[in-house]
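First up is the structure itself, then whatever we jot down about it.
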C-alpha cells in the first residue's frame, strides 16, 4: 500500500538515478542476485546477534530489489526470465529472514514463524493467480495487484522484529493477520472484477412469466 503512494517520488528522486549508475556495472539479473545474497546473509547476522548489520542488510536487500526492474527498463534488458528470477528471489529473501528470526529462539518462535511463512505462501499464491487471469495494465512485466501488505510493509515489520525481539510474538501474529487479510481482500476484489454482467431485463422477464403462470 505504501509503495502505491511513494513509488513515483522515490523513482524520480532515487530509483532512476541509482539504476542508471548501477546499470553501467551490473546486469538486472546480477542486481537481483545481490539482493538475494544480502537477504540470505541476514540469517548469519541474526545468529551472530549483529542486529545493526541485520538491519543494514535488510535495507540493502530491499533497495536492490527496487532497482533490478528499473535497471532492466532503463537499459532495455527486460526478460521473462528476469521477472521469474525476481519473484523467486523475493521468496528466498522472505524465507531467509523468517528463518533467521526463528533460529534466534527456536523454542519460543516456532509457531509464530510457521504462521508467517504460511500467510506469505497464501498471499503470494493469491497474487500470482490473480495475475494470471488479469490483463496487465501496469509498468511491470506482469499484472501487479496492490494490496494492504506489500514488500515495504513486510520489510518494516521485519525490521521492528529484529530491533525489538521481546515483541516478536505480537508482531509476528499481527504480520500474519495482515498478510492473510491482504490475500482475502485481493480475492474479493478479483471476484468483483470478474463477475459477469447481469442480463438486461432478466429479472423483469422472469417476473412476467411467473404472473402468467
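Is it fair to say residue 100 is under 18 Å from residue 26 (Cβ atoms) and either in contact with a strand residue (DSSP E or B) (Cβ under 8 Å, 6 or more places away or on another chain) or touching a residue at least 12 places away in the same chain (Cβ under 8 Å) (or both)? Considered against the rule, which asks whether it is under 18 Å from residue 26 (Cβ atoms) and either in contact with a strand residue (DSSP E or B) (Cβ under 8 Å, 6 or more places away or on another chain) or touching a residue at least 12 places away in the same chain (Cβ under 8 Å) (or both), residue 100 comes out as no. Pairing each residue of the stretch 5-24 that is surrounded by 12 or more Cβ atoms within 10 Å (Cβ to Cβ) with any residue that is not in a helix (DSSP H, G or I), provided the two are 6+ apart or on different chains, yields C-beta distances under 7 Å for 23/75. Restricting 73, 109 to residues that are under 15 Å from residue 158 (Cα atoms) and part of a helix (DSSP H, G or I) narrows the list to 109.
None of the figures in this text is laboratory data; all of them are computed from the coordinates on show. Keep in mind it's a predicted model, so treat the numbers as computed, not measured. Ideal geometry is used to build each Cβ from the backbone, glycine not excepted, and the neighbour counts take in all protein chains shown.
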